[in-house]
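The values are calculated or read from the model by the stated rules, or taken from the named source; none is laboratory data. Since the structure is predicted, the reported quantities are computational estimates derived from the model, not experimental observations. Here Cβ is always computed from backbone atoms with ideal geometry, including for glycine, and neighbour counts include all displayed protein chains. Accessible surface areas use protein heavy atoms only, side chains included; no ligands, DNA or RNA. Shrake-Rupley method; radii C 1.70, N 1.55, O 1.52, S 1.80 Å.
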Amino acid sequence: MSRKSPKSATSSGQYVPHPRYGSSPRPSGVKISETDLRLGFWRLHGDTLFPETALIADTSKQNFSIYPRKYYVDALRSCRRCHRPFIFFAKEQRYWFETLRFFVDADCVHCPDCRRESRTVQRRLRRYSDLFAKNEPSRKELMFLVDDGTYLLAHGVLKNLSNLGSVKNRAMKDISEYPGIACLAEAIKAARHVQSEA
Ligand SMILES: [Zn+2]
């Protein structure tokens with residue numbers, strides 16, 4: 001893996017931005033050599049690092065079995081889902097391993113965008129499942145069911161088209177004026193087409 005200088009990398013704006021830490025390495029003022037950083041945690045072996053961002057870890061707050069992380073350092077990653085590059089920030093690592101106390105071997109494999117999207121999917125799936133089970137959803141809840149169903153179908157999370165069809169029919173009966181129904185109907189039609197091709 002070739003290491004690009006942080007400067008050229010940031011000026012081209014090629015990293016997926018993090019909502020709190022941005023999209024460029026954050027120099028810390030702490031001077032630790034790249035060799036020491038790599039010796040400080042075996043897992044950093046293959047990563048591109050930005051040594052000027054290093055932070056000294058408080059290993060007493062970490063959750064580890066044999067080897068703690070001695071340092072945190074901004075590391076360049078490639079998202080496992082969308083394959084775009086992003087930075088796993090030293091400050092974020094400190095938050096993960098000292099505040100949240102994730103096990104020190106936990107790795108960050110998805111970019112901030114994909115992590116946010118999967119949180120949204122989980123949240124909407126929970127709401128959809130709760131409302132789907134309700135006998136008499138309110139008008140507002142029916143709208144959520146329609147919109148969540150459309151979203152989750154588009155993200156490949158829901159596959160049962162007859163359940164979604166029943167949501168659509170319920171909505172047509174009770175909130176027929178709601179424009180979201182047309183989107184759901186379209187999404188179901190497209191998914192049927194894909195399933196019949198498969
Ligand atoms: Zn991604």
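Points worth noting:
- Size estimate for segment 73-127 follows the Kirkwood approach: the inverse of mean 1/r over distinct Cα pairs works out to 12.2 Å.
- Over the chain, equivalent-ellipsoid semi-axes from the Cα gyration tensor in Å: 45, 19, 14
- Ranked order, Thr59, Thr53 - accessible area, probe 1.4 Å, largest first: Thr59, Thr53
- More than 16 Å apart - percent of Cα-Cα pairs taken over segment 46-105: 46
- Computed [θ] at 222 nm, helices only, for the chain once each DSSP H run of length n ≥ 4 contributes -39500 (n - 2.57): -14000 deg cm²/dmol
- Neighbour net charge for Ile181 - beta-carbon separation under 12 angstrom, K R +1, D E -1: -1
- When the Cα atoms of segment 6-110 are aligned to their principal axes, the ranges along those axes come out at 39, 30, 24 Å in descending order.
- For Glu34 and Ser118, the difference between the fully extended length at 0.36 nm per residue and the C-alpha to C-alpha distance is 26.9 nm.
- Cα-centred dipole magnitude for segment 114-197, charges only on beta-carbon of K, R (+1) and D, E (-1), debye, nearest 20: 300
- Å² of accessible area per residue within the chain, as computed with a 1.4 Å probe and no ligands counted: 59
- Pairwise alpha-carbon distances in segment 99-141 exceed 16 Å for 60% of all pairs.
- Two-decimal Rg/Rh across segment 112-198, once Rg and the Kirkwood Rh are taken from alpha-carbon atoms: 0.98
- Unit charges at the beta carbon, dipole of the chain: most positive-side option, Ser166, Pro17, Leu142: Pro17
- Within the accessible area of the chain, the carbon and sulfur atoms contribute 53%, probe 1.4 Å, all protein chains present.
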